[in-house]
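Notes for the one structure printed next.
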Amino acid sequence: MDEKWTRLVQNINPSAKLLRAWELKGGISAQVTALEMETLEGMKKKVVVREHGQADLKRNPQIASDEFKLLQILKSAGLPTPTPYHLEASSDLFPTPCLVIEFIEGRTVTAPADLSSFLQQVATVLTRIHSVDASGLAQTYLPKQEEAITEKLHKRPAILDKSLDEGFIREVLESVWPLPQANAVSLLHGDFWPGNTMWKEEKLVAVIDWEDAAIGDPLSDLGNARLEILWAFGVEAMHVFTLHYQSASKTLDYTQLPYWDLCAALRPASSLSDWGLEKRVEETMRERHSLFVMQACEKLGIPYKRHATYESLE
């Protein structure tokens, strides 16, 4: 068994011993390892170790400590998130800091037994995230989402992804950016999609992977979630999810949602082909992406010449 895990357990709890360590699959931006330890009293406990990848570290060298602080805030706010246990500084064992958090007994769900309940729970937890008091977060390390999008729009790549209408989407957003502030800034998950939710007995038990957290218009998270739910479950599911969210967040101004939808649609440009998807899955996602862009343009009254012909989202 790797010595670094034994020593890490001792740093977490000097009286505990390591029973086993195993890699958790599915991590992209971070290397994720599960540890099981046992205390002198015979109590067994599982934890998760997150070692952030170079892309995240380049963007924010303090990402481990920042995520640790954020998880403390989220837990104190009563959100279903992993409890942060330990922050391990860089050393001879760990070249960069790593984060030790609660092991959530649950799984991600790709085919819910009750899709209606699934969508309602996902919408409800997103509204709860956006309801966290953001007044104290504005001065923290959390990036401002609007500034990140501004930078992305200014850094136009030399080769645009025509298959996902990247040039068209950029032109629409560039013509209106920055958007006038219609809603008070809120805490954003930054990458809210079903794959970042954990479930047990058909109940949502945790929202995970907070390394992309930011502050900004809550419609940013909503737009991203809408596209992801469209990809995963189809048009009707996207509409149902949106209605659940809107019914729980009646005070928000949704006028600019089509623009935030387009921001979400810009994210997979030039990268979707690298996601290692099955051919048919990728084709379906591309079809639904085009529909997503089209419905946003229809709501904005902007002509959209699709690169393929699909049914309307309405």
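In region 243-254, the residues that are within 15 Å of Arg128 (Cβ to Cβ) reach residues that are in a loop (DSSP other than H, G, I, E, B) with C-beta atoms within less than 6 angstrom, at least six apart or across chains, in these pairs: Leu252/Asn183. For region 59-72, the set of residues classified as modelled with pLDDT of 90 or more and of a type in the set (A, V, I, L, M, F, W, C) consists of Phe68, Leu70, Leu71, listed by residue number. Look at Ala123 and say whether it is under 20 Å from the mean Cα position of the chain (by Cα), within 29 Å of Trp177 (Cβ to Cβ) and either exposed (fewer than 14 other Cβ atoms within 10 Å of the Cβ) or modelled with pLDDT of 95 or more (or both). Yes. Regarding Leu87, is this residue free of Cβ contacts under 8 Å to residues at least 40 places away in the same chain and assigned to a strand (DSSP E or B)? For Leu87, the condition - free of Cβ contacts under 8 Å to residues at least 40 places away in the same chain and assigned to a strand (DSSP E or B) - is met. Only residues that are surrounded by 11 or more Cβ atoms within 10 Å (Cβ to Cβ) and in a loop (DSSP other than H, G, I, E, B) were counted in region 29-54, giving 3. Just one of the listed residues (Gly223, Gly195, Gly190) is assigned by TED's automatic domain parsing to the domain that holds Leu257, under 13 Å from the mean Cα position of the chain (by Cα), surrounded by fewer than 19 Cβ atoms within 10 Å (Cβ to Cβ) and not basic (Lys, Arg), and it is Gly195.
Just wondering, is there one or more residues in region 211-219 that are of a type outside the set (Lys, Arg), closer than 21 Å to Leu300 by Cα, touching a helix residue (DSSP H, G or I) at 6+ places or on another chain (Cβ under 6 Å) and outside the structural domain of Gln54 (by TED's automatic domain parsing)? Yes: region 211-219 contains one or more residues that are of a type outside the set (Lys, Arg), closer than 21 Å to Leu300 by Cα, touching a helix residue (DSSP H, G or I) at 6+ places or on another chain (Cβ under 6 Å) and outside the structural domain of Gln54 (by TED's automatic domain parsing).
The combined condition, being buried (at least 19 other Cβ atoms within 10 Å of the Cβ), touching a Pro at 6+ places or on another chain (Cβ under 9 Å) and in a loop (DSSP other than H, G, I, E, B), is fulfilled by Leu252.
Here Met238 clears all of (1) more than 27 Å from Leu99 (Cα to Cα); (2) buried (at least 16 other Cβ atoms within 10 Å of the Cβ); (3) touching an Asp or Glu at 6+ places or on another chain (Cβ under 7 Å) except the condition numbered (3).
Residue by residue, here is whether (1) surrounded by fewer than 17 Cβ atoms within 10 Å (Cβ to Cβ); (2) of a type in the set (D, E, K, R); (3) assigned to a helix (DSSP H, G or I); (4) in contact (Cβ under 8 Å) with a residue 60 or more places away in the chain holds:
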{"position": "Leu18", "(1), (2), (3), (4)": "no, no, no, no"}
{"position": "Ala21", "(1), (2), (3), (4)": "no, no, no, no"}
{"position": "Lys25", "(1), (2), (3), (4)": "yes, yes, no, no"}
{"position": "Lys58", "(1), (2), (3), (4)": "yes, yes, yes, no"}
{"position": "Phe68", "(1), (2), (3), (4)": "no, no, yes, no"}
{"position": "Leu71", "(1), (2), (3), (4)": "no, no, yes, yes"}
{"position": "Lys75", "(1), (2), (3), (4)": "yes, yes, yes, no"}
{"position": "Gly78", "(1), (2), (3), (4)": "yes, no, no, no"}
{"position": "Leu93", "(1), (2), (3), (4)": "yes, no, no, yes"}
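For the residues Thr33, Thr39, the requirement of being farther than 17 Å from Phe94 by Cβ and of a type in the set (Ser, Thr, Tyr) singles out Thr39.
Restricting the search to region 95-108, which residues are surrounded by fewer than 15 Cβ atoms within 10 Å (Cβ to Cβ) and under 15 Å from Val32 (Cβ atoms)? If the condition is that a residue be surrounded by fewer than 15 Cβ atoms within 10 Å (Cβ to Cβ) and under 15 Å from Val32 (Cβ atoms), then Arg107, Thr108 are the ones that fit.
Would a scan of region 156-163 turn up a residue that is under 20 Å from Leu188 (Cβ atoms) and surrounded by 14 or more Cβ atoms within 10 Å (Cβ to Cβ)? No: zero hits.
Filtered by the rule that a residue be without any contact (Cβ under 8 Å) to a residue 40 or more places away in the chain, out of contact with any strand residue (DSSP E or B) (no Cβ under 9 Å at 6 or more places or on another chain) and among the acidic types (Asp, Glu), region 130-171 gives Glu151, Glu171.
The values are calculated or read from the model by the stated rules, or taken from the named source; none is laboratory data. Remember, it's a predicted structure, so these values are computed and weren't measured experimentally. Positions of Cβ are generated from backbone atoms using ideal geometry, with glycine treated the same way; all protein chains shown enter the neighbour counts.
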